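Below: one structure, written as structure tokens.
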Amino acid sequence: MKVLKGRTAWAGFAAGAVLLFAVAPALLSDFRLGLLAKYLCMAMVAVGICLAWGRGGLLTLGQGVFFGLGGYAMAMHLKLADAGPGNLPDFMQLYGTATELPWWWRPFANPVFALAATALLPMAVAALLGLFIFRRRVRGAYFAILSQALAAAFAIWLVGQQATTGGTNGLTDIQGFFGYALDDPVNQRMVYLVIAAALLLLIAVARQLIHSRYGELLVAVRDSEERVRFLGYDPANVKLVAYVVAAGMAGLAGALFVPAVGIISPALIGIVPSIEFVIGAAVGGRASLVGAVLGAIAVAWAKTTLSEEFPAGWTYFQGLLFIVALAFLPGGLASLAKTVRRRKAGAPDKAPVVAVGEAA
């Protein structure tokens, strides 16, 4: 059975690679391919949510913080590269009063430091927060509220730092990506391919964790934390690993979002975006890697399409979609076929997280 599941997973992985690297670039225009690159960044965040929420039961409503940390780390480097050695970024010359670069900006001039910071900085922040939260046995709705409050606080802080972070506007008009001009369609396709490769890599990493002994331990902590503690394991450390890994994935997604879109701002990392990340995973199926990825892409596409037609009603529709998914299809669209078969057989529905080991 395990061999069959492994072969099925590799077949699905290969099919996804063909779709992303061959079919999509061949069929989509440059504009549509750029939109898909943006959607794939949302899917990368959903992979981390699938691990933390789908496997570990940690409802992470603050992933926008880690997405923003990775995005701003990348954008700071790219803005410095666009400005040239010894020059200030354009927004600092317009809004700032300083005549020299702030000290905390200077390390980001180094591309190696900036690349490492896109993932390590969110992971470090998540580790500090996780130690504080999980050691005090904060869980459930309280953990979700705390993570959401963190996203709000981070967005508010960014808005108030206009001279050094661009304030409400954020870091905009990013023109280059490590020496490649982003207004060149060829380079835009290169960015898309990098994002697609990163998504497949994160899916592979998450699947390995899910099917490892650590993944089983994470499920045990979710189902009965006290029993795991009596067996000699520290549940706080188990949950901390999932939280930190999910944060690193969100940070990498934010970093790649910047060259794909050319901007990062507080509007992209606050409470609403954080909830949108979760909605995508919930609609597709938080217990399934493939479901979470496809759900995130579908919700992002629907936002782009429907928000143009119904700008005032999209937010309400999104909230309704989240409620309906949790109330009537807890396993998301990925569990639809199993749910229908189970109801036809007269068996009661099972919680989707129980079967999360079967994810992708």
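The values are calculated or read from the model by the stated rules, or taken from the named source; none is laboratory data. Nothing here was measured: the structure is a model prediction, and the numbers come from that model. Cβ placement follows ideal geometry from the backbone for every residue including glycine, while neighbour counts extend to all protein chains displayed. Surface accessibility is based on the protein's heavy atoms, side chains included, excluding ligands, DNA and RNA. Shrake-Rupley method; radii C 1.70, N 1.55, O 1.52, S 1.80 Å.
Okay, here's what the table says:
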quantity	calculated
Boolean, ARG106 is among the basic types (Lys, Arg), at pLDDT below 90, surrounded by 12 or more Cβ atoms within 10 Å (Cβ to Cβ) and over 16 Å from PHE178 (Cβ atoms)	no
GLY295 of a type outside the set (Lys, Arg) and modelled with pLDDT under 85	no
Tally, over the stretch 270-293, of residues that are among the charged types (D, E, K, R) and outside any loop (DSSP other than H, G, I, E, B)	1
Inter-residue pairs, beta-carbon under 7 Å, first closer than 28 Å to ARG227 by Cα and in the stretch 198-216, second of a type in the set (D, E, K, R) and surrounded by 17 or more Cβ atoms within 10 Å (Cβ to Cβ), 6+ apart	ILE210/ARG55; GLY215/ARG55
Among (1) closer than 16 Å to LEU59 by Cα; (2) open to solvent by less than 10 Å² (accessible area, probe 1.4 Å), the one test that LEU240 misses	(2)
Condition met for GLY251 (open to solvent by less than 20 Å² (accessible area, probe 1.4 Å), touching a residue at least 40 places away in the same chain (Cβ under 8 Å) and within 14 Å of the chain's Cα centre (by Cα))	yes
Qualifying residues in the stretch 276-292 (those that are within 11 Å of the chain's Cα centre (by Cα) and open to solvent by 10 Å² or more (accessible area, probe 1.4 Å)) - the one farthest from SER307 (Cα to Cα)	PHE277
Selected residue (criterion: farthest from GLY170 (Cα to Cα)) from residues of the stretch 93-103 that are modelled with pLDDT under 85 and open to solvent by less than 90 Å² (accessible area, probe 1.4 Å)	ALA98
Extreme residue, farthest from ALA247 (Cα to Cα), among residues of the stretch 18-51 that are of a type outside the set (A, V, I, L, M) and more than 13 Å from the chain's Cα centre (by Cα)	SER29
Which listed residue is within 27 Å of VAL244 (Cβ to Cβ), out of contact with any Pro (no Cβ under 9 Å at 6 or more places or on another chain) and of a type in the set (Val, Ile, Thr), from THR99, THR118	THR118
Residue in the stretch 121-134 that is touching a residue at least 60 places away in the same chain (Cβ under 8 Å), out of contact with any strand residue (DSSP E or B) (no Cβ under 9 Å at 6 or more places or on another chain) and loosely packed, with under 13 Cβ neighbours inside 10 Å present	no
Residue within the stretch 134-155 that is farther than 30 Å from ASN237 by Cα and not in a loop (DSSP other than H, G, I, E, B) present	no
Unmet requirement for ALA267, which otherwise passes all of (1) among the aliphatic types (A, V, I, L, M); (2) in contact with a Pro (Cβ under 8 Å, 6 or more places away or on another chain); (3) assigned to a helix (DSSP H, G or I); (4) open to solvent by less than 30 Å² (accessible area, probe 1.4 Å)	(4)
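The rows are residues; the columns are (1) crowded, with 16+ Cβ neighbours inside 10 Å; (2) aliphatic (A, V, I, L, M); (3) farther than 14 Å from MET76 by Cβ.
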{"position": "GLN162", "(1), (2), (3)": "yes, no, yes"}
{"position": "ILE174", "(1), (2), (3)": "yes, yes, no"}
{"position": "PHE177", "(1), (2), (3)": "yes, no, no"}
{"position": "ASP183", "(1), (2), (3)": "no, no, yes"}
{"position": "GLN188", "(1), (2), (3)": "yes, no, yes"}
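So that you can scan it fast, the table gives a plain yes or no per residue for (1) open to solvent by 60 Å² or more (accessible area, probe 1.4 Å); (2) closer than 24 Å to VAL186 by Cα; (3) of a type in the set (A, V, I, L, M):
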{"residue": "THR8", "(1), (2), (3)": "yes, no, no"}
{"residue": "LEU35", "(1), (2), (3)": "no, yes, yes"}
{"residue": "CYS41", "(1), (2), (3)": "no, yes, no"}
{"residue": "LEU58", "(1), (2), (3)": "no, no, yes"}
{"residue": "GLY62", "(1), (2), (3)": "no, no, no"}
{"residue": "VAL65", "(1), (2), (3)": "no, no, yes"}
{"residue": "LEU88", "(1), (2), (3)": "no, no, yes"}
